[in-house]
Amino acid sequence: MKLGRVVYNNKEYYAVFDADKEIAHLYEHEFYNYKNTFSVKFKDLKFLPPVKPTNIISMGFNYLEHFKEAKERGMTVPELKEPLITLKGVNSITAHLEKITIPKQTNLVEIEGEFVIVIARTCKNVTEQEAEKCILGYTLANDVTARDLQFMDGQWARSKSIDGFCPLGPWIETELDPLSVEVITYLNSTEVQKTNTSMLFYNAYKLISHVSKYMTLFPGDVILTGTPSGVKAVRHGDRVDIVAKGLGKLTNIFVKSF
C-alpha cells in the first residue's frame, strides 16, 4: 500500500495512492482510517512530505563504494566498526516536485539518492528481530549536502540541515522487502548513482536496532540508510530524479538564490 500526504483545494489530506492510475484516494484522518474517502488525479493535487518526522536520522558511509569515494576526496573517514549516525534538521524536509534553493552561503551542493525507513511506532532498545514491527514502510530521499560547508566544519549538521535539503517521497510503500531494493539517481536524465540495498553494510533491521539503543524512535521518524558512490554537484536549473520499484520517483529541481 502506498500512503502519503497531499494538498487538494488548499486543504491537507492523507492519501492512498494508485500509482498505475495516477489517482490518490484522500481522507482527513491518520493513516489506516479510511472513512469518507474520495479520489483525485495526481495532476490536480500537490504532494507533501509523506510524514512529519520528529527526527531525521542519516547514516554515513553505509556503502563500500561511497566509503572509498569519500577517502579519495580527502574526507576524514572513520573505521566502520558500527553504523555512523548523523542528523538533519526537520526544517530541511520538503516534498516531491518542490524546488530546492541553493543558498548564497555555499558554492558546492551535491546530491545523494537514498532508501529511507519510516518508523511506525515508538521504539527503544529493540533487537534486529523486533525491528520489523517498528516499520511503517519505506520511501526515497535526497540527502542534499553543502559539501564545502561539510569540509569546512568537520561535522555535518550545517551542511545537511539547510532549508529544503531533505526532499522525501513521493509516498510510503508499506509492502516491500527492504533487503533487496534497487535505487537509481538521475541528474538531468543521466544516471549518476545505482545501487541495491543488498549492498548496505548495515541493513534496515540492523540500523533500527542500533539507533534505538541511543535514541527513542517515534512514529514518523525517518532513517536515511546511506548513499552509494556517484554523488554529483548540482547547479541552477538541474533536475534530480530518484527512482525505485514500488517507491515511485522523487523529483526536484534546484534553483540558485540570487
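The values are calculated or read from the model by the stated rules, or taken from the named source; none is laboratory data. This is a predicted model, so every value here is computed, not measured. Because the Cβ atoms are built from the backbone with ideal geometry, glycine has one as well, and the counts that use them run over all protein chains shown.
Yes/no matrix, rows are residues, columns are (1) farther than 20 Å from S212 by Cα; (2) at pLDDT below 95; (3) surrounded by fewer than 24 Cβ atoms within 10 Å (Cβ to Cβ):
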position	(1), (2), (3)
V90	no, no, yes
L108	yes, no, yes
V118	no, no, yes
Q129	no, no, yes
K133	no, no, yes
A146	yes, no, no
Q155	yes, yes, yes
L168	yes, no, no
Just wondering, is there one or more residues in region 127-135 that are in contact with a helix residue (DSSP H, G or I) (Cβ under 9 Å, 6 or more places away or on another chain) and aliphatic (A, V, I, L, M)?
yes
Quick one: count up the residues across region 45-62 that are surrounded by 23 or more Cβ atoms within 10 Å (Cβ to Cβ), of a type outside the set (A, V, I, L, M) and farther than 26 Å from E30 by Cα.
1
Before we move on, is F115 in contact with a Ser or Thr (Cβ under 9 Å, 6 or more places away or on another chain), aromatic (F, W, Y) and over 21 Å from L207 (Cα atoms)?
no
I want to confirm something. Restricting to region 2-49 and keeping residues that are touching a strand residue (DSSP E or B) at 6+ places or on another chain (Cβ under 7 Å), among the hydroxyl-bearing types (S, T, Y) and within 20 Å of G220 (Cα to Cα), which single residue is modelled with the lowest pLDDT?
Y34
List the helices (runs of 4 or more DSSP H) that sit entirely inside region 102-219 and contain at least 3 residues that are closer than 27 Å to D241 by Cβ and assigned by TED's automatic domain parsing to the domain that holds L64.
147-153, 157-160
